[in-house]
1. Of the numbered conditions (1) assigned by TED's automatic domain parsing to the domain that holds B:Ala122; (2) surrounded by 14 or more Cβ atoms within 10 Å (Cβ to Cβ); (3) more than 17 Å from the chain's Cα centre (by Cα), B:Asp26 satisfies every one except a single condition; which is it?
2. Those residues that are facing chain B (nearest Cβ under 10 Å), touching a residue at least 24 places away in the same chain (Cβ under 8 Å) and assigned to a loop (DSSP other than H, G, I, E, B), I need them from the stretch A:99-125; list them, please.
3. Restricting attention to the stretch B:157-194, which residues are of a type in the set (Ser, Thr, Tyr) and either more than 14 Å from every other protein chain (Cβ to nearest Cβ) or surrounded by 15 or more Cβ atoms within 10 Å (Cβ to Cβ) (or both)?
4. Please go through the stretch B:51-109 and give me each residue that is of a type in the set (Asp, Glu), assigned to a helix (DSSP H, G or I) and away from chain A (no Cβ under 14 Å), ordered by number.
5. Condition check: touching a residue at least 24 places away in the same chain (Cβ under 8 Å), in contact with a helix residue (DSSP H, G or I) (Cβ under 8 Å, 6 or more places away or on another chain), part of a loop (DSSP other than H, G, I, E, B) and within 14 Å of chain A (Cβ to nearest Cβ). Does B:Ala126 satisfy that?
6. Quick check on the stretch B:1-23: of everything there that is within 14 Å of another protein chain (Cβ to nearest Cβ), of a type in the set (A, V, I, L, M) and part of a helix (DSSP H, G or I), which residue is surrounded by the fewest Cβ atoms within 10 Å (Cβ to Cβ)?
7. Looking at the stretch A:126-155, which of its residues are in a loop (DSSP other than H, G, I, E, B) and either within 12 Å of chain B (Cβ to nearest Cβ) or not acidic (Asp, Glu) (or both)?
8. Test of understanding: among B:Ile295, B:Ile269, which residue is outside the structural domain of B:Val41 (by TED's automatic domain parsing) and under 15 Å from the mean Cα position of the chain (by Cα)?
Amino acid sequence: MKEHKKKLKLKVSAISEGTVIDHIPSENLFDVISILELDQTPNMITFGANLESDKLGKKAIIKVSNQFFENDEINKIALIAPHAKLNIIRDYEVIEKKEVTIPDRIVGIVKCFNPKCITNSEPITTSFSVISKEPVALKCKYCEKITHENQMVIK
Amino acid sequence: MNKKDLISIMDYSKEDYLRIMDLAADFEANPNQKLLDGKVVASLFFEPSTRTRLSFETAINRMGGRIIGFSDAGSSSVTKGETLHDTIRMVSQYADLIVMRHPMEGSARYAAEVSSVPVINAGDGANQHPTQTLLDMYSILKTQQTFDNLNLFMVGDLRYGRTVHSLLMALSQFDNPIFNFIAPEELLMPEEYKIYLREKGIRYFEHLEFTDIISEADIVYMTRVQKERFSDPMEYEKVKNVYILKNSMLKNTKPNMRILHPLPRVNEIATDVDQNEKAYYFQQARNGVYAREAIIAHALNLK
């Protein structure tokens, strides 16, 4: 295992300042990038996907230089990367570790699964109250229907 | 919420329900109270609903208000592609109150966010129709004198019927109700409502038919079993006569028992029931005008 971890470090190079987001389910890597708007950032990003993980089988990792996230911002990815771990890096050292938590209200990000919901026919920001975190169940503020984890589609 | 919108039945507290009941009784005693004198009410029906629209417009007329609006989307700017957002923003510049019926679920909550004047939901798709629930409640209170200790029979399409769901939620706020759900396998009460009742410790029972137990009922709330709800037409043929109420079934029912139906009825209540004093569905429709006068007065702080 140790041998393997060394190789991994070589594959995704270390950063001097910034944030490492680890333990992302590989299949959700690009949704995480999109939710955090990393596709818009001018900062240097490296990411790896389909890396081996004991917990997830295959995991993804993102390293963003010179960028740090507020809790509200990073918790947005909790829906699709509930086990994600953040390492805050200063001068090549991990100075803080953070985990994500699913907030009580989800604004935007997810589509309401109900095709007859008004949010699917007009440009309206969706809004859900989280009625269950494990498994995730979201109640739409508008149509009052419940979107379950297996029905979730990221906007 | 600063504006007194009525979007979902759960927007109202138990105290609000009782206040609406008091106001409805007041309007029944004196329907022509000119509280809307000089006021304009927008009646926006994005899909046709003759009964609900006429009931609201009667209520508004009896209160002395003026009405603007349309009775189906075809005669509105929707046909030009205007969004609901823009229609509501525009109309709320003109009117003092908006009554809205719309086929999309959640449209009423959205309209209330966009509008600067109160919005009353007159039905948003299969989601909510709170004024129907309040008129059902007023009918129950008038015939039973209480909301407590009632044995409520809900019959027919309990899966898709929003009226029974909302009524269940509202009556669960009162003491010691008993619910009896009578529906075919394909149209059973959804699990989420049964979980809600269990969490509140409210008793409920499920039956496939009701001829033998109807003598226990205080209220029999009938709904229509629609053919198009069945995936297998044979299943519909098997059950279609089970959920029809006939006059002969009413022999041993309680003296206070009353039959409610949100209307329109097709064949689920045989016409020979109409003559029975326990048939209450036409009075129920009349009560709708008083309940809606009460809801309007409450929304605009007129009483």
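The values are calculated or read from the model by the stated rules, or taken from the named source; none is laboratory data. Fair warning: this is a prediction, and the values are worked out from it, not measured in the lab. Positions of Cβ are backbone-derived with ideal geometry, glycine not excepted, and every protein chain shown enters the neighbour counts.
1. (1)
2. First, the residues of the stretch A:99-125 that are facing chain B (nearest Cβ under 10 Å): A:112, A:114-124.
Going one step further and asking which of them are touching a residue at least 24 places away in the same chain (Cβ under 8 Å), we end up with A:112, A:114, A:116-119.
Scanning the stretch A:99-125 gives A:Cys112, A:Asn114, A:Lys116.
3. Just the residues of the stretch B:157-194 that are of a type in the set (Ser, Thr, Tyr), to begin with: B:160, B:163, B:166, B:172, B:193.
B:Thr163, B:Ser166, B:Ser172, B:Tyr193, listed by residue number.
4. The first filter runs over the stretch B:51-109 and keeps only residues of a type in the set (Asp, Glu), leaving B:57, B:72, B:82, B:86, B:96, B:105.
Now narrow it down to the ones that are assigned to a helix (DSSP H, G or I): B:57, B:86.
Scanning the stretch B:51-109 gives a single hit, B:Glu57.
5. yes
6. Going residue by residue through the stretch B:1-23, those that are within 14 Å of another protein chain (Cβ to nearest Cβ) are B:1, B:5, B:7-11.
From what is left, the residues that are of a type in the set (A, V, I, L, M) are B:1, B:7, B:9-10.
Then keep just the ones that are part of a helix (DSSP H, G or I); that gives B:9-10.
Details: B:Ile9: 24, B:Met10: 13.
Here the residue is B:Met10.
7. The initial filter retains those residues of the stretch A:126-155 that are in a loop (DSSP other than H, G, I, E, B), namely A:126, A:134-135, A:141-145, A:152, A:155.
Scanning the stretch A:126-155 gives A:Thr126, A:Pro135, A:Lys141, A:Tyr142, A:Cys143, A:Glu144, A:Lys145, A:Met152, A:Lys155.
8. Working: B:Ile269 fails: under 15 Å from the mean Cα position of the chain (by Cα).
Step by step, each of B:Ile295, B:Ile269 is checked, and only B:Ile295 is outside the structural domain of B:Val41 (by TED's automatic domain parsing) and under 15 Å from the mean Cα position of the chain (by Cα).
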